[in-house]
Amino acid sequence: MSPVRILVDADACPVKEEIYRVAFRREVAVRVVSNSHLRVPAHPLIERVVVSDKFDAADDWIAEAATPSDVVVTSDILLAERCLKAGAAVIGNSGKRFTANMIGAAIATRAIMADLRVGGDVVGGPAPFIKADRSRFLQALDAALVIVERR
């Protein structure tokens, strides 16, 4: 089995610093995937992957690279589904764990919300990211790494 690694959908990820801390503590490789050049720590465990600015290029790279040895961090439900199909563990930026049992409902909810936004029935975005979200994320990342390491 391949070594455990963390794949990060990084363009809008608010928990990159938390990922780096966990990676350093647990000695886990991280691939930070984005459409633009992002600053990452100069460390052998951290690799920056800059893909083209084509729509979904970062998602496509992550989905193609994902294996059962990976933990994927993304808030993109459709990317989460693709990575789950590849066998990866997937968690959202707020610490929510995506599973095969719940991904269908999450995709349906996403579609309903998109329709409501188009109709003007829903305005605004997600709730602000707070300290409790960071704490929940750290716990979820540790738990996901344990699951992957035990496979």
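For (1) out of contact with any Asp or Glu (no Cβ under 8 Å at 6 or more places or on another chain); (2) farther than 15 Å from Leu141 by Cα; (3) of a type in the set (D, E, K, R), each residue gets a yes or a no:
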site: Val33; (1), (2), (3): no, yes, no
site: Leu45; (1), (2), (3): no, yes, no
site: Ile62; (1), (2), (3): no, yes, no
site: Ala65; (1), (2), (3): yes, yes, no
site: Thr74; (1), (2), (3): no, no, no
site: Lys85; (1), (2), (3): yes, yes, yes
Problem - Residues within region 1-30 that are under 18 Å from Ala80 (Cβ atoms), of a type outside the set (A, V, I, L, M) and part of a loop (DSSP other than H, G, I, E, B), tallied - result: 3
Problem - Members of region 76-98 found to be part of a loop (DSSP other than H, G, I, E, B) and surrounded by fewer than 18 Cβ atoms within 10 Å (Cβ to Cβ), listed by number - result: Ala86, Gly87, Lys96
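Does at least one position in region 107-127 carry a residue that is within 16 Å of the chain's Cα centre (by Cα), assigned to a helix (DSSP H, G or I) and either crowded, with 17+ Cβ neighbours inside 10 Å or at pLDDT 90 or above (or both)?
no
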Exercise for the section: Considering each residue of region 31-57, count those that are among the hydrophobic types (A, V, I, L, M, F, W, C), outside any loop (DSSP other than H, G, I, E, B) and over 24 Å from Ile130 (Cβ atoms), and give that number. Expected result: 5
Fill in the blank from the handout: Condition set modelled with pLDDT of 95 or more and closer than 13 Å to Val8 by Cβ, scope region 26-39, selection surrounded by the fewest Cβ atoms within 10 Å (Cβ to Cβ): answer is Ala29
Handout entry: Residue in region 43-56 that is under 15 Å from Tyr20 (Cα atoms), loosely packed, with under 13 Cβ neighbours inside 10 Å, at pLDDT 95 or above and more than 14 Å from the chain's Cα centre (by Cα) present
Key = yes
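The values are calculated or read from the model by the stated rules, or taken from the named source; none is laboratory data. From a predicted model like this one, the values you see are computed outputs, not experimental measurements. Counting neighbours? That spans all protein chains shown, and the Cβs are built from the backbone with ideal geometry, glycine included.
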